[in-house]
Amino acid sequence: MNKVFLLVLSLAIVVILSRFFISITGFSVGEADVSIMDKLQGKITTLVFRSAINISDLQNITTEFTNIGSLPMNARIEENIYYYNATKLDPVAYYYDSSVYLMPIMKRIYKTVFTPPYYGTYYIKVRVPYETKVTEMWGVFSVVYTAPPPQQIVVVVPPSISGEINYIEKEAKIPKIFLDYQKNYNLYPDQSLLISVNVNNVGNTNIHNLRLSTSTYNLITTEVNPKVVSSLGVNKSVIFLISLSIPKSITPSVYPLDFEAISDNAREIGSISLNVTSLNVSAKDEIYQTILNYDYLMNELEKSITEAVSEGLDVSIAQRSFESAKENLNNAKDYYNSGDYDNAKDKLDKVKKNFEDVVFQLAHAQLRFYVAPAFSPFLIVILAIIAAIMFLVFLKTRKKGEKRPKLLREVSEET
């Protein structure tokens, strides 16, 4: 009896001590603490290319993807290149790497060479699917006739001859980004959503080459606009729109949408929880919430257009898309008030596309690329060759015209 009592007492002491140990250290053999769970996470750590090249040059693109999580993964780097054709992006090239196995902290570097077929502006979309997730990033460059001007030379003032150091009082340039966005969204399968992220420059220097990189579950389709913002001034902000499409086959759960605002001199990360539930909301409630969201975006985009116009930018294409958005939104409200929710939803889908066009065109209008001359040097050479050939043909034809018939030459010789 004493042995049984001692055994029970020993087991009780072991249980108490084990729970105390778990509460102190966070370590458990039977259960995994949330704070130390394995994590599947990858990141595009490098995207390198030249911002402007000649038509005769090749564009070298280097992409680096890193496994920043704690689990091994299979990943593949994909690159799509689009040509900006007036108001839309036309695909012109697609490259992809073989799938590679990456342990934590391992990197994969993928290099490609692109031959531009036209002059103008090109956008690069890098997409890396890995296991059940996918991450994306954008870039932009121009193809011109002449080489960009040389970089500005920085002159460093040396110490004076007397040995005294010349100090120049200058405020430190500190770039800083602040993200303003909604942290949680309730969704359901087969739903589309437009999420807005306000990127604010709260530092004391301009931010250049700003873009938004996203990472989420691979069945959720994402599209970011604008692709790249060339410059964001101090105390200025820009709206990035993330278009989401939730598939019908998705399992109800909470999916993270991780994103990062990246520039040449600053970056900031953010995360949104997508709570996908099987309970569908009514069409009336969904449309009502969408109209409220789009009313807010309408006001914000109108401010952005007004500011761009005051800066002397040509935003005529963005203004046309904005007017179409305003008209479609008004029509959606009319359909909603009359109870025609199907047509209201169709109009709101058009508003969504209009908004994406507005932010894309606003950012594209800010791009400062070198304008091509009126005539290509190659075209001038070709025209010169054609002119020379025509001149030779003209001379040959003229000489033939000056020759007289044989009978006339004999008569002339006899006389």
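The values are calculated or read from the model by the stated rules, or taken from the named source; none is laboratory data. Values in this document were obtained by computation on a predicted structure and should not be read as measured data. Counting neighbours? That spans all protein chains shown, and the Cβs are built from the backbone with ideal geometry, glycine included.
A compact table of results
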| item | result |
| --- | --- |
| Hits in region 52-75 (condition: surrounded by 17 or more Cβ atoms within 10 Å (Cβ to Cβ) and part of a loop (DSSP other than H, G, I, E, B)) | Ile55, Gly69 |
| Residue identified as loosely packed, with under 13 Cβ neighbours inside 10 Å, within 19 Å of the chain's Cα centre (by Cα) and over 23 Å from Asn54 (Cβ atoms) among Tyr94, Tyr101 | Tyr94 |
| Subset of region 256-288 (residues that are out of contact with any strand residue (DSSP E or B) (no Cβ under 7 Å at 6 or more places or on another chain) and surrounded by 13 or more Cβ atoms within 10 Å (Cβ to Cβ)) | Val281, Ala283, Glu286, Ile287, Tyr288 |
| Residue among Ala374, Ala344, Ala384 that alone is out of contact with any Phe, Trp or Tyr (no Cβ under 7 Å at 6 or more places or on another chain) and modelled with pLDDT of 55 or more | Ala384 |
| Conditions (1) more than 18 Å from Arg127 (Cβ to Cβ); (2) aromatic (Phe, Trp, Tyr); (3) part of a strand (DSSP E or B): number failed by Tyr294 | (3) |
| Residue pairs meeting the criteria (Cβ under 9 Å; at least 6 apart or on separate chains; first at positive phi, in region 220-245; second buried (at least 21 other Cβ atoms within 10 Å of the Cβ) and assigned to a strand (DSSP E or B)) | Asn235/Asn201 |
